[in-house]
């Protein structure tokens with residue numbers, strides 16, 4: 001009986017020592033994309049209704065880990081650098097907030113809706129890339145299509161690369177900057193009469 005007790009204590013001590021030898025677990029950091037807070041140009045005269053819908057999003061980005069490229073076509077999923085919320089939802093929410101700032105009297109909603117809902121313009125986004133190479137550049141590539149109530153369509157794409165240092169903070173700032181620049185580009189299409 002005493003032998004079992006001593007063996008059990010030795011096993012517990014050995015296990016505890018192994019756990020402590022590994023050191024402290026790395027701290028996870030959580031990132032959130034943030035909308036613009038101010039802008040030099042707004043379009044207060046526009047009062048149309050606009051819906052935003054994300055129609056395509058890469059599967060490799062549908063995860064909590066921040067994804068970076070190590071080299072062309074080689075991706076790294078960081079266990080300690082994570083998104084605080086679903087990235088696809090965060091992107092759409094930031095674009096919506098940016099457009100609300102740029103077109104303050106427009107009604108901007110996130111779609112799709114069940115049933116028919118008449119809006120003046122539908123903005124559809126298709127994310128191709130939303131990552132970067134630490135120490136080199138961010139890489140934002142988003143295709144878009146604007147359809148007006150009368151069926152007219154305008155489409156295009158937004159590509160943004162920004163030089164960054166080797167930190168995840170710099171990558172997130174550059175991705176935010178990409179969404180800001182895209183929002184400013186999109187607003188010029190959304191405010192055009194007949195567009």
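The values are calculated or read from the model by the stated rules, or taken from the named source; none is laboratory data. Remember, it's a predicted structure, so these values are computed and weren't measured experimentally. Cβ sites come from the backbone with ideal geometry, for glycine too, and all protein chains shown count toward neighbours.
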message = Against the definition (modelled with pLDDT of 95 or more, within 25 Å of residue 185 (Cα to Cα) and surrounded by fewer than 18 Cβ atoms within 10 Å (Cβ to Cβ)), how does residue 96 come out, yes or no?
response = no
message = So, residue 34, is that one modelled with pLDDT of 95 or more and in a loop (DSSP other than H, G, I, E, B) or not?
response = yes
request  = Evaluate segment 53-70: report whether one residue or more is at pLDDT below 95, more than 14 Å from residue 172 (Cα to Cα) and not in a strand (DSSP E or B).
outcome  = no
remark   = Listed by first then second residue, the pairs whose first member lies in segment 74-93 and is buried (at least 18 other Cβ atoms within 10 Å of the Cβ), whose partner is in a helix (DSSP H, G or I), with beta carbons under 6 Å and at least 6 positions apart or on separate chains, are 81/168; 87/61
query = Right, residue 59: more than 28 Å from residue 150 (Cβ to Cβ), over 17 Å from the mean Cα position of the chain (by Cα), without any contact (Cβ under 8 Å) to a residue 40 or more places away in the chain and loosely packed, with under 13 Cβ neighbours inside 10 Å or not?
reply = no
ask   = Name the residues in segment 108-130 that are touching a helix residue (DSSP H, G or I) at 6+ places or on another chain (Cβ under 9 Å) and surrounded by fewer than 16 Cβ atoms within 10 Å (Cβ to Cβ), would you?
value = 109, 110
